[in-house]
Amino acid sequence: MVTLIQEIVKRPVARKLLHVSCGLVHLLCWPLYTDASSARFACSCVPGLATAQFALVGLGLIKDEFVVASSTRSGNPRELLRGPLIYGLVHTVLTAVCWRHSPVAVATISVLCAGDGFADLVGRRHGKHNPLPFNRRKSWAGSAACLVAGWVASSAFMLAFQRQGFLLTGVPTAIILWKLLAVSSCSAIVEALPIPEIDNLTVAVSAAASAALLF
């Protein structure tokens, strides 16, 4: 059974689905915590421990074939020190520093997980025949998926958190949706640029910066 799971997670689609689901499930758990000041730090321990594991495996201090198979493209543990480590750090820092009262945290995590995740999933399947003119490695289909998925996920979480009274109380829904569309658009543009492919960093920074500017 373990061998079967390891073979499944080696597939690109399975790895990217983990990228999408892990962060969104983490975000979904935020409302379950109390209002205690220590709650954010307790919650940040979840991605924090995973991030520490990425670092230890990537540095060769411990061995974990499942983590390597599920979180790297090449099967090289050193790859964990790039995208996966940044992914974990983004979640850890935003949870501990910003928490559920921050539109920046909610928007950034949503766009990073859903937007960047579906850009790869859709682009890998439907992007071969519609590459971007300025970056042949990316496609119109992938960029559209990044924008739409990031917008839908961030809107769903932002409105849910607003309804629970965590953030943006009294702000009209239409304004929130338009601002999140702008955030997702900025991230989709950055994700499509022909720059070194550390999307977990570039997409997160673009989402956080645009969200901070707009909210």
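Quick check on the stretch 37-47: of everything there that is within 19 Å of Gln164 (Cβ to Cβ) and within 19 Å of the chain's Cα centre (by Cα), which residue is surrounded by the fewest Cβ atoms within 10 Å (Cβ to Cβ)?
Residues of the stretch 37-47 that are within 19 Å of Gln164 (Cβ to Cβ), as a first pass: 37, 39-40, 42-43.
If we keep only those that are within 19 Å of the chain's Cα centre (by Cα) too, we end up with 40, 43.
Numbers: Arg40: 19, Cys43: 22.
Per the criteria, the residue is Arg40.
Among the residues of the stretch 202-213, which ones are aliphatic (A, V, I, L, M) and crowded, with 18+ Cβ neighbours inside 10 Å? Step through it out loud before you land on a result.
We begin by selecting, within the stretch 202-213, every residue aliphatic (A, V, I, L, M); these are 203-205, 207-209, 211-213.
The answer is Val203, Ala204, Ala207, Ala208, Ala211.
Just to verify a result, which residue in the stretch 72-130, among those that are of a type in the set (S, T, N, Q) and part of a helix (DSSP H, G or I), is surrounded by the most Cβ atoms within 10 Å (Cβ to Cβ)?
We begin by selecting, within the stretch 72-130, every residue of a type in the set (S, T, N, Q); these are 72, 74, 76, 92, 95, 102, 108, 110, 130.
Imposing the further condition that a residue be part of a helix (DSSP H, G or I) reduces the set to 92, 95, 108, 110.
Details: Thr92: 21, Thr95: 26, Thr108: 31, Ser110: 28.
Top of the filtered list is Thr108.
Consider the stretch 131-143. How many of its residues are touching a residue at least 40 places away in the same chain (Cβ under 8 Å) and either within 20 Å of Val25 (Cβ to Cβ) or in a helix (DSSP H, G or I) (or both)? Break it down stepwise before answering.
Our first condition is that a residue be touching a residue at least 40 places away in the same chain (Cβ under 8 Å); within the stretch 131-143, this holds for 132, 134-135, 137-138, 142-143.
From what's left, either within 20 Å of Val25 (Cβ to Cβ) or in a helix (DSSP H, G or I) (or both): 142-143.
Number satisfying all stated conditions: 2.
So, in the stretch 169-201, of the ones that are among the hydroxyl-bearing types (Ser, Thr, Tyr) and closer than 15 Å to Leu147 by Cβ, which residue ends up surrounded by the most Cβ atoms within 10 Å (Cβ to Cβ)? Don't jump to the end; show me each part of the working.
Initial filter on the stretch 169-201 (among the hydroxyl-bearing types (Ser, Thr, Tyr)): 169, 173, 184-185, 187.
When the remaining residues are screened for being closer than 15 Å to Leu147 by Cβ, the result is 184-185, 187.
On the way: Ser184: 29, Ser185: 17, Ser187: 33.
Restricting to residues being among the hydroxyl-bearing types (Ser, Thr, Tyr) and closer than 15 Å to Leu147 by Cβ, the top hit is Ser187.
State which residue is surrounded by the most Cβ atoms within 10 Å (Cβ to Cβ) when the search covers only the stretch 131-160 and only residues that are closer than 21 Å to Leu112 by Cβ and touching a strand residue (DSSP E or B) at 6+ places or on another chain (Cβ under 6 Å).
Checking each candidate, the answer is Ser139.
Suppose the filter is under 16 Å from the mean Cα position of the chain (by Cα) and either crowded, with 18+ Cβ neighbours inside 10 Å or at negative phi (or both); does Thr34 pass it? Break it down into steps so the answer makes sense when it comes.
On the way: under 16 Å from the mean Cα position of the chain (by Cα): no; either crowded, with 18+ Cβ neighbours inside 10 Å or at negative phi (or both): yes.
Considered against the rule, which asks whether it is under 16 Å from the mean Cα position of the chain (by Cα) and either crowded, with 18+ Cβ neighbours inside 10 Å or at negative phi (or both), Thr34 comes out as no.
I'm told Arg163 meets every condition in (1) closer than 20 Å to His26 by Cα; (2) surrounded by 15 or more Cβ atoms within 10 Å (Cβ to Cβ) except one. Can you identify the failing condition by its number?
(2)
How many residues, within the stretch 48-70, are more than 17 Å from the chain's Cα centre (by Cα) and among the small types (Gly, Ala, Ser)?
5
Every number in this text was worked out from the coordinates using simple rules, so none of it is lab data. In this text, all values refer to a predicted model and were calculated from it rather than measured experimentally. Every residue, glycine as well, gets a Cβ built from its backbone with ideal geometry; the counts of neighbours run over all protein chains shown.
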